[in-house]
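Below you'll find the structure, written out as structure tokens, and then a few comments.
Values in this text are rule-based calculations from the coordinates and carry no lab data. These figures come from a predicted structure and were not determined experimentally. Positions of Cβ are backbone-derived with ideal geometry, glycine not excepted, and every protein chain shown enters the neighbour counts.
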Amino acid sequence: MHTYAEKTDKIASGKNFLQRKEMMPRPLDIANKKEQGASPVIQRKEGHVDISKHIPEARKLVVQKAVTDAEKMADRAQKTMGGTDHHLYKKWYDNKFNDDKSKNDQKTNERFDFVKKHWVKIYSIFKSRNIHFANTEKRHDDWYAYVYPKDNQYKIYLDTQFWLAKNKGGDSKGGTILHELAHEEAQTEDHVYKMEPAKNLATNSPALAVTNSDNWEYFAERQ
Ligand SMILES: [Zn+2]
């Protein structure tokens, strides 16, 4: 009687070279593995992130980590929008959103679809586009970062507060990157800053909440 262990040993002993060869991953498998398992750091080396040479080496690592965190948050945000639990959507975008979409007016559902579609787009930036990082052109003590949405590239200028921000939670480094990418991809503005004012928009003016970058950031940070 052959046990499973015996069979495995036989293959592993290498008596049959062909068999061993067949066990080698084929190029397709390698490619798939790369897709699924490649760490974001390796992907970064493939040129998805470009960090200005004027940013010191130690800070480049900080940026890389923030991008990795932002990518994970964007992935979770798009999955949340595609799921059935809408409590974070209600909190940050539209307090009056009804889970039963047939009970919402057309504008309410359009706003939801807009947010859903643009989280997919924001996440895809990490997979398929270059994101550039530069130092702020002029130092502002209370700024995190900024972009020029019409410059035809994803270029984020990092300012004082970015370097002071935490890795996790509200107003994080990764969340800051998503705040800026929302400006680029969803044409958001800064109607208000900070959590309480942002939350008030979701209650009183969802049309402004879905076009306010901090609301996108806090949603992704799951505040
Ligand atoms: Zn902004």
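Within 10 Å, count the other beta carbons around each residue, average over each peptide in 142-155, 196-209, and list them highest first. Can you show the working numbers first?
Details: 142-155: 15.0, 196-209: 17.3.
Highest to lowest by the protection proxy: 196-209, 142-155.
Amide H to amide H, with H built 1.01 Å from N, N95 comes under 5 Å of T203, counting only residues 5 or more places away or on other chains.
Would you tally the net charge around V210, using a Cβ to Cβ cut-off of less than 10 Å, leaving V210 out, and scoring K and R as +1, D and E as -1? Numbers along the way, then the final one.
On the way: positive: R111; negative: D94, E110.
Here the charged neighbours net out to -1.
Exposure proxy ranking for E217, E184, based on other Cβ atoms within 10 angstrom of each Cβ and starting from the fewest, stands as E184, E217. Amide H to amide H distances under 5 Å link I131 with V49, D50, where only residues 5 or more positions off or on other chains count and H is placed in the peptide plane. Each 5 Å bin from zero up to the one holding the largest Cα-Cα distance in region 106-175 carries the following percent of pairs: 3, 14, 17, 20, 20, 14, 8, 3, 1. Each residue in K166, K116 was given a count of other beta-carbon atoms within 10 angstrom of its own, and listing them fewest first yields K166, K116. Counting neighbouring Cβ atoms within 10 Å and putting the fewest first, the residues H86, H140, H118 line up as H140, H86, H118.
Length gained on full extension, S124 to S205: 26.3 nm, using 0.36 nm per residue less the C-alpha separation. Solvent-free Debye calculation, one equal scatterer per alpha-carbon of region 48-169: log10 I(q)/I(0) at 0.14, 0.22 Å⁻¹ equals -0.74, -1.26. For region 103-223, the fraction of alpha-carbon pairs lying more than 25 Å apart is 21 percent, rounded to a whole number. Computed from backbone phi with θ = phi - 60° and the Karplus coefficients 6.51, -1.76 and 1.60, the 3J(HN,Hα) list for region 112-129 is 4, 5, 4, 5, 4, 4, 7, 5, 4, 5, 4, 4, 5, 4, 5, 8, 10, 10 Hz; x is used for glycine and proline.
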